[in-house]
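The structure under discussion appears below in the form of structure tokens.
The values are calculated or read from the model by the stated rules, or taken from the named source; none is laboratory data. Because the structure is predicted, anything quoted here is derived from the model rather than measured. Methodologically, a virtual Cβ is constructed for each residue, glycine included, from the backbone with ideal geometry; neighbour enumeration extends over all protein chains shown. Just the protein is used for accessible areas: all its heavy atoms, side chains included, with ligands, DNA and RNA removed. Shrake-Rupley method; radii C 1.70, N 1.55, O 1.52, S 1.80 Å.
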Amino acid sequence: MPVPAPNLNPPFNTVRLSHVEFGVTDLARSRAFYVDTLGLQVTDETADTIWLRALEERGHHCLVLRKSDRAEARDLGFKVWDEDHLDRAAAFFAAKGLPVDWVDRPYQDRTFRTRDPQGIPLELYARMDRLPPIHQQYALYKGVKPLRIDHFNCFSPDVDASVAFWNEIGFRVTEYTEDEATGRLWAAWTHRKGGVHDIAFTNGTGPRLHHTAFWVPTPLNIIDLLDLMSTTGWLANIERGPGRHGISNAFFLYIRDPDGHRIEIYCSDYQTVDPDLEPIRWDLKDPQRQTLWGAPAPRSWFEEGSLFAGTTPVPATLSASPIIAP
């Protein structure tokens, strides 16, 4: 299936990805990871929930940690343009036969929950409480100095179907790989905010959340984090990297939180705001698509991901990557 032409007039306008909620089994341990080690800022906390934001963000939260009996990924949050576009979004999902459940969320105005056709749980809203800026309060810059949430990557059992749906709602493909034998997409990166991606889809048993990424100032911040994690009890949580992706050109590090949720630390990709920007195709057999320097990703990167609450993953329609570490 060819990459669809960009839909520049979608039924509603999404501004960007916004936030994610993780179910975590040990809230104190997760706080030590995300706050004390990575450097995210606590905006509120209760006995069972912590709300966090990164240093450039004005919205109340980009990550919610909620005490749970099991580790799971919950809703992926997206901000739409305004209340009118929120109503348009609700009408669109309802017309597709997808759920539209209006819910109360702390620090957000009207919000509804839904799912995409593959089952990814979504949360859409137009307004979140705004907080004073802290990006020049440099005493707060700790850990990896996270500036903002950047993207999600999800395992999809049918990447073509995922891209077709998200393209319909205005997410534009920037880069992709396809299976040479079938012509089907193996992975695709799609955006709204003008970076390489707000959400990407990787072939695999799904839906599952592959990772959530946070943007940092420079690659040196990633080196600092590696030194910190390796000397403060988090060595085993370093999964892959550091390195530079071929796809996106970004400098990266993949780490795992105490429950196994995968986090990417990310910087140095490129601008994609032009509406006529053509997507870049990568050969699935080219090892530099994973890492420009040629090192393959570990097997865990292709096989492990966070389960979404309330979903039952199904096997992918294409085989796993032909280039993985033994």
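Taking the residues in the stretch 2-45 that are farther than 21 Å from Trp234 by Cβ and of a type in the set (A, V, I, L, M) as candidates, determine which candidate is most open to solvent (accessible area, probe 1.4 Å). If you could, list the steps in order and put the result at the bottom.
Taking the stretch 2-45 and keeping what is farther than 21 Å from Trp234 by Cβ, we get 2-19, 21, 43-45.
Still in the running and of a type in the set (A, V, I, L, M): 3, 5, 8, 15, 17.
On the way: Val3: 39, Ala5: 76, Leu8: 97, Val15: 44, Leu17: 2 Å².
Result: Leu8.
Is it the case, given these coordinates, that Gly170 is surrounded by fewer than 23 Cβ atoms within 10 Å (Cβ to Cβ), of a type in the set (Gly, Ala, Ser) and touching a Leu at 6+ places or on another chain (Cβ under 7 Å)? So Gly170 fails the test.
Is it the case, given these coordinates, that Leu185 is open to solvent by less than 40 Å² (accessible area, probe 1.4 Å) and more than 16 Å from Ala297 (Cβ to Cβ)?
Numbers: open to solvent by less than 40 Å² (accessible area, probe 1.4 Å): yes; more than 16 Å from Ala297 (Cβ to Cβ): yes.
Judged against the criteria, Leu185 is a match.
All conditions in (1) in a loop (DSSP other than H, G, I, E, B); (2) touching a Lys or Arg at 6+ places or on another chain (Cβ under 8 Å) hold for Val144, with the sole exception of (2).
Name the one entry in Leu253, Leu220 that is under 23 Å from Gln41 (Cα atoms), open to solvent by 10 Å² or more (accessible area, probe 1.4 Å) and modelled with pLDDT of 95 or more.
Numbers: Leu253 fails: open to solvent by 10 Å² or more (accessible area, probe 1.4 Å).
That would be Leu220, the only listed residue that is under 23 Å from Gln41 (Cα atoms), open to solvent by 10 Å² or more (accessible area, probe 1.4 Å) and modelled with pLDDT of 95 or more.
Working carefully through the options Glu304, Glu278, find the one that is under 27 Å from Pro2 (Cα atoms) and either hydrophobic (A, V, I, L, M, F, W, C) or out of contact with any Phe, Trp or Tyr (no Cβ under 6 Å at 6 or more places or on another chain) (or both).
Working: Glu304 fails: under 27 Å from Pro2 (Cα atoms).
None of the other options fit; the residue is Glu278.
From the list Asp48, Asp75, Asp69, the one residue that fits, being within 21 Å of Thr312 (Cβ to Cβ), surrounded by fewer than 14 Cβ atoms within 10 Å (Cβ to Cβ), in contact (Cβ under 8 Å) with a residue 12 or more places away in the chain and out of contact with any Phe, Trp or Tyr (no Cβ under 8 Å at 6 or more places or on another chain), is Asp69. For the stretch 87-99, filtering for residues that are touching a residue at least 12 places away in the same chain (Cβ under 8 Å) and closer than 28 Å to Phe155 by Cβ leaves 7.
Limited to the stretch 59-95, what total is found for residues that are in contact with a strand residue (DSSP E or B) (Cβ under 9 Å, 6 or more places away or on another chain) and not in a strand (DSSP E or B)?
Of the stretch 59-95, the ones in contact with a strand residue (DSSP E or B) (Cβ under 9 Å, 6 or more places away or on another chain) are 59-81, 85-86, 88-90, 93-94.
Adding the requirement that they be not in a strand (DSSP E or B) leaves 60-62, 68-71, 81, 85-86, 88-90, 93-94.
Final tally of qualifying residues: 15.
For beta carbons closer than 7 Å, sequence separation of 6+ or different chains, a first residue in the stretch 162-186 that is among the charged types (D, E, K, R) and a second that is part of a helix (DSSP H, G or I) and buried (at least 24 other Cβ atoms within 10 Å of the Cβ), there are no qualifying pairs. Screening Ala94, Ala54, Ala73, Ala47 for residues that are modelled with pLDDT of 95 or more and touching a Pro at 6+ places or on another chain (Cβ under 6 Å) leaves exactly one candidate, Ala54.
Condition first: acidic (Asp, Glu), under 19 Å from the mean Cα position of the chain (by Cα) and assigned to a loop (DSSP other than H, G, I, E, B). Now tell me which residues in the stretch 260-315 satisfy that. So that I can check it myself, show each step before the final result.
First, pick out the residues of the stretch 260-315 that are acidic (Asp, Glu): 264, 269, 274, 276, 278, 283, 286, 303-304.
Next cut, under 19 Å from the mean Cα position of the chain (by Cα) only: 264, 269, 303-304.
Passing the criteria: Asp269, Glu304.
Considering only residues in the stretch 96-122 that are part of a strand (DSSP E or B) and open to solvent by less than 10 Å² (accessible area, probe 1.4 Å), the one that is farthest from Pro11 (Cα to Cα) turns out to be Pro121. Per the conditions (1) out of contact with any Asp or Glu (no Cβ under 7 Å at 6 or more places or on another chain); (2) open to solvent by 40 Å² or more (accessible area, probe 1.4 Å); (3) of a type outside the set (S, T, N, Q); (4) at pLDDT 95 or above, the sole criterion not satisfied by Glu180 is (4). Selection of the stretch 237-275 for residues being of a type in the set (Asp, Glu) and in contact (Cβ under 8 Å) with a residue 40 or more places away in the chain yields Glu239, Asp257, Asp259, Glu264, Asp269.
Restricting attention to the stretch 282-301, the residues that are touching a strand residue (DSSP E or B) at 6+ places or on another chain (Cβ under 9 Å) and either polar (S, T, N, Q) or surrounded by 13 or more Cβ atoms within 10 Å (Cβ to Cβ) (or both) add up to 13.
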